[in-house]
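Since the structure comes first, as structure tokens, the remarks are kept for the end.
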Amino acid sequence: MPIGRRRPTLAEHHAALAHQFDDLDQQREASSLGMWVFLVTEIMFFGGLFTGYTVYRHAYPEAFADASRRLAVALGAVNTAVLICSSLTMALAVRSAQVGKRRGVIAFLSLTMLLGSAFLVVKGVEYAHKFHDHLVPGATFAFEGPHRPHAELFFSFYFAMTGLHALHMVIGIGILAALVVLSSRGRFSPDDYAAVENTGLYWHFVDIVWIFLFPLLYLISRT
Amino acid sequence: MMATSLSERREHYLNISYGVKSWLLTTDHKRIALLYLISITLFFFLGGAFAVLIRLELLTPTGDLLQSETYNKLFTMHGVTMVFFFLIPSIPAVLGNFLVPMMIGARDLAFPRLNLASWYIYTIGGLFTLVAAVAGGVDTGWTFYTPYSTSYANTHVILTAVGIFITGFSSILTGLNFIVTIHTMRAPGLTWFRLPLFIWAQYAASLIMVLGTPVVAIAIVLVALERLLRIGIFDPALGGDPVLFQHLFWFYSHPAVYIMILPAMGVINELITCFSRKRIFGYPFIAFSGLAIALLGFLVWGHHMFLSSQSVYASMVFSILSFLVAIPSAVKVFNWTATLYKGSISYETPMLYAFGFIGLFTVGGLTGLFLATLAVDVHVHDTYFIVAHFHYIMVGGVIMAYLGGIHFWWPKMSGRMYPEGWGRLAALVIFIGFNLTFFPQFLLGYLGMPRRYHIYPPEFQVLNVMSSAGASILGVGYLIPMVYLLWSLRYGAVADPNPWEAKGLEWETPSPPPTANFEKTPVVTEEAYAYWPKEADVG
């Protein structure tokens, strides 16, 4: 008869173990799988926008290239670097949690928040420039040349996609702040740091979305 | 009398604590299932009320009860309520929530607090939609087709869209919870191929919830943005394409049909085996056909768009793929029939619903093939034929299975038996009322009556009167269980742990179960449905 996992004895019952689980391994497995499934839903959520972008870029290649030239590649590149660094600090925070270095966790989480905020500031500067240049879709939109309507479509996608991405960054920074507080109260231990690890997965996911957004939006006229 | 008072003193999930707070803050999957049961029942009767008005208007060829604008709002609100707030959560959120942990021998779902959150999210989404309905309703049809929904409709599109968007997340959380629970929390000895097929069905439906719902969510966000900011993604004036919306919408909303029907098929497996006392025929075929339906379901959305400027080659591919879905569906029907063969069949209420399901689902499924056929679809597109087709699947299929499941597990959920005579009567009334309502609609559609109009040529009146008469019988049929199930909570006979002598872990614990479901974690040593013949006898 195949037997699954071993049943825990009472002595093994860990303080961090939720009542519905038998042991910490099962709990870790469940929370990690849950996070991955959630990320799949996130991919599908962004996927709708990526599909729409692909359809219209295929339909209006020149207009999209033309409109893309109005984006600030330098700022976008800086932001890409900032985000990649934040993924490094996030990974270091997870590692610190794994080996039980509380101060390291707090320091690296804070650094990640700082880099994430820097990204949002740069993004805000970019948005402000677009606003001044009348590149925000709507009644005030102005774009010289033959591609005006389709350039507006490009900027619709630009704001929808980077806006949704920025919203994810804001939520991520909020979660990081909560983790810093919890960590300073000694909530995490090498036995129980799933929250840090899962937030790390989320952060890397948001980072990867940007890795796709940057070339698709900023670099298309350079191919 | 003694026995009753003794059993009432036993502590179980219903009497362990009392008061509103103990329910609104519960993380017990069984209590959350009941919260869902109450909410979706309210939405079911609300959606039913819209249908009553629709059928009343269609009694006569002229528009004498409702104006066309009101009629448009009614069929829209009927569709929105029934699809998003009743059918999609029905079996997963009520029966699935109650049964998934019990059937796999777990104490709860993997994420109990997320489970409670999903109910709150559902409720908030429902409130948004209710507010939209009270404030004047929405008239785009439940499909929200652009550019009407984005540029022309003057009704509460955004409010309704926000409601549906929010509710989508409750569906995502339920699906996520089931997937993780089924993967990680099965009892010792409960291998994948010993799982009840209900679990396989919930798993397949959960995959669709997780993969499909986010896509309709982003499509709805874009419709709202388009209305608010005129961003142009679906607006031809700005180079956008309204058909893109249809692609995004049906990419979810066709698989959503399988979110509804797969769990219903899961229920049928449990009912057929128990009331024919038979081992299921072809277990792996049923298990994998569910996954096949979930997978193929994602590849057929274009059959909603044969007449939406889609290229004829795309339509041909979508047509063939739609035919392929019929194969795993038929595999299930044949396997249920083979399971019945030489079974010792008894006709308790749940079994009557199961028989109703098999017949009506087969009619609904086969008429789906008519619609998947390009040339026929051009003829019956947007007629009552399609209305009849999907009501055979959703009402004849899903609601039949849902009611069968509610009756089957009612003793487990409530600890009381429902009155069997009334149960059988209601099942019969529903079956007759259903067919009288929807069969004439096949004829109407084939004769050319379009859907979504409140007036029609006089020659269609006889069939429409039949349909409306059937709807009134169907309505009575739905009210009867409502009354006797509530009655049974107080006056029904006290249920045994296993009143049907059924197999399955949920029957090995008292009725109603204790909060932790089992006193000791069960160990599974045999296959599911070990009725007759035994596994050893068939090799």
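The values are calculated or read from the model by the stated rules, or taken from the named source; none is laboratory data. What you are looking at is a predicted structure, and each value in this text was computed from that prediction instead of being measured. Glycine gets a Cβ as well: all are built from the backbone with ideal geometry, and neighbour counts include every protein chain shown.
Points worth noting:
- In the stretch A:18-41, the residues that are in a helix (DSSP H, G or I) and at the interface with chain B (Cβ under 7 Å from one of its Cβ atoms): A:GLN26, A:GLU29, A:ALA30, A:LEU33, A:GLY34, A:VAL37, A:PHE38, A:VAL40, A:THR41
- Each residue in the stretch B:213-231 was checked for being more than 16 Å from the chain's Cα centre (by Cα) and within 23 Å of B:ALA292 (Cα to Cα), and 3 pass.
- Within the stretch B:166-183, being in contact (Cβ under 8 Å) with a residue 12 or more places away in the chain and surrounded by fewer than 22 Cβ atoms within 10 Å (Cβ to Cβ) holds for B:ILE166, B:PHE169.
- Subset of the stretch B:99-139 (residues that are in contact with a helix residue (DSSP H, G or I) (Cβ under 9 Å, 6 or more places away or on another chain), within 14 Å of chain A (Cβ to nearest Cβ) and of a type outside the set (A, V, I, L, M)): B:PRO101, B:GLY105, B:ARG107, B:ASP108, B:PHE111, B:PRO112, B:ASN115, B:SER118
- The requirement of being modelled with pLDDT of 95 or more and within 30 Å of B:ASP241 (Cα to Cα) is not satisfied by A:LEU33.
- When B:SER488 is tested against (1) assigned to a helix (DSSP H, G or I); (2) without any contact (Cβ under 8 Å) to a residue 40 or more places away in the chain; (3) farther than 30 Å from B:PHE390 by Cα, exactly one condition is not met: (2).
- Search result, residues across the stretch B:56-85 that are out of contact with any Asp or Glu (no Cβ under 6 Å at 6 or more places or on another chain) and surrounded by fewer than 20 Cβ atoms within 10 Å (Cβ to Cβ): B:LEU56, B:LEU59, B:THR60, B:PRO61, B:THR62, B:GLY63, B:ASP64, B:GLN67, B:SER68, B:GLU69, B:THR70, B:GLY79
- All conditions but one from (1) within 11 Å of chain A (Cβ to nearest Cβ); (2) buried (at least 24 other Cβ atoms within 10 Å of the Cβ); (3) over 23 Å from B:HIS254 (Cα atoms) apply to B:LEU207; the one that does not is (3).
- Residues (under 17 Å from the mean Cα position of the chain (by Cα) and among the small types (Gly, Ala, Ser)) located in the stretch B:386-431: B:ALA388, B:GLY396, B:GLY397, B:ALA401, B:GLY404, B:GLY405
- Within the stretch B:326-349, the set of residues being β-branched (Val, Ile, Thr), touching a residue at least 40 places away in the same chain (Cβ under 8 Å) and in a helix (DSSP H, G or I) comprises B:VAL331, B:THR339, B:THR349.
- Some residue of the stretch A:80-100 being within 21 Å of A:LEU219 (Cβ to Cβ), away from chain B (no Cβ under 14 Å), more than 15 Å from the chain's Cα centre (by Cα) and not acidic (Asp, Glu): no
- The residues in the stretch B:491-506 that are surrounded by 14 or more Cβ atoms within 10 Å (Cβ to Cβ) and in a helix (DSSP H, G or I) can be counted, and the count is 2.
- Those residues of the stretch B:480-491 which are within 27 Å of the chain's Cα centre (by Cα) and closer than 16 Å to B:GLY421 by Cβ, in sequence order: B:ILE480, B:PRO481, B:VAL483, B:TYR484, B:LEU485, B:TRP487, B:SER488
- Test for B:PRO188: is it in contact with an Asp or Glu (Cβ under 8 Å, 6 or more places away or on another chain) and at pLDDT 95 or above: no
- Any hit, the stretch B:257-272, residues being surrounded by fewer than 24 Cβ atoms within 10 Å (Cβ to Cβ) and at pLDDT 95 or above: yes
- Residue within the stretch A:188-198 that is within 25 Å of A:LEU17 (Cα to Cα), more than 10 Å from the chain's Cα centre (by Cα) and hydroxyl-bearing (Ser, Thr, Tyr) present: yes
- Within the stretch B:103-115, the set of residues being crowded, with 24+ Cβ neighbours inside 10 Å and not in a loop (DSSP other than H, G, I, E, B) comprises B:MET103, B:ASN115.
- Count of the stretch B:146-165 residues which are surrounded by fewer than 19 Cβ atoms within 10 Å (Cβ to Cβ) and hydroxyl-bearing (Ser, Thr, Tyr): 3
- The criterion of being touching a helix residue (DSSP H, G or I) at 6+ places or on another chain (Cβ under 7 Å) and either closer than 24 Å to B:GLY137 by Cα or outside any helix (DSSP H, G or I) (or both) does not hold for B:THR174.
- Criterion: part of a helix (DSSP H, G or I) and over 27 Å from A:THR80 (Cβ atoms) - qualifying residue of A:LEU182, A:LEU153, A:LEU164: A:LEU182
- Among residues of the stretch B:246-290 being within 14 Å of another protein chain (Cβ to nearest Cβ) and of a type in the set (S, T, N, Q), the one that is nearest to A:GLY52 (Cα to Cα) is B:GLN246.
- Set side by side, the residues B:LEU479, B:LEU474 differ, and just one is part of a helix (DSSP H, G or I) and out of contact with any Gly (no Cβ under 8 Å at 6 or more places or on another chain), which is B:LEU479.
- Selection from the stretch B:214-248 of residues that are without any contact (Cβ under 8 Å) to a residue 24 or more places away in the chain, in a loop (DSSP other than H, G, I, E, B) and within 17 Å of A:TYR158 (Cβ to Cβ): B:ARG230, B:ILE231, B:GLY232, B:ILE233, B:GLY239, B:GLY240
- The single residue among B:VAL243, B:VAL223, B:VAL216 that is more than 11 Å from every other protein chain (Cβ to nearest Cβ) and of a type in the set (Val, Ile, Thr) turns out to be B:VAL223.
- The one condition in (1) touching a Lys or Arg at 6+ places or on another chain (Cβ under 9 Å); (2) facing another protein chain (nearest Cβ under 9 Å); (3) not hydroxyl-bearing (Ser, Thr, Tyr) that B:TRP192 fails to fulfil: (2)
- Here the condition is being assigned to a helix (DSSP H, G or I) and surrounded by fewer than 15 Cβ atoms within 10 Å (Cβ to Cβ); of A:ILE106, A:ILE84, it holds for A:ILE84 alone.
- Index of the failed condition, A:ASP191 passing every other in (1) at pLDDT 95 or above; (2) more than 21 Å from B:ALA224 (Cβ to Cβ): (1)
- Cβ separations smaller than 8 Å between residues 6+ apart or across chains give the following pairs from the stretch A:51-69 residues that are more than 12 Å from chain B (Cβ to nearest Cβ) to residues that are of a type in the set (Val, Ile, Thr): A:ALA65/A:ILE220; A:SER68/A:ILE220.
- Any hit, the stretch B:507-524, residues being of a type in the set (A, V, I, L, M) and either under 27 Å from the mean Cα position of the chain (by Cα) or exposed (fewer than 14 other Cβ atoms within 10 Å of the Cβ) (or both): no
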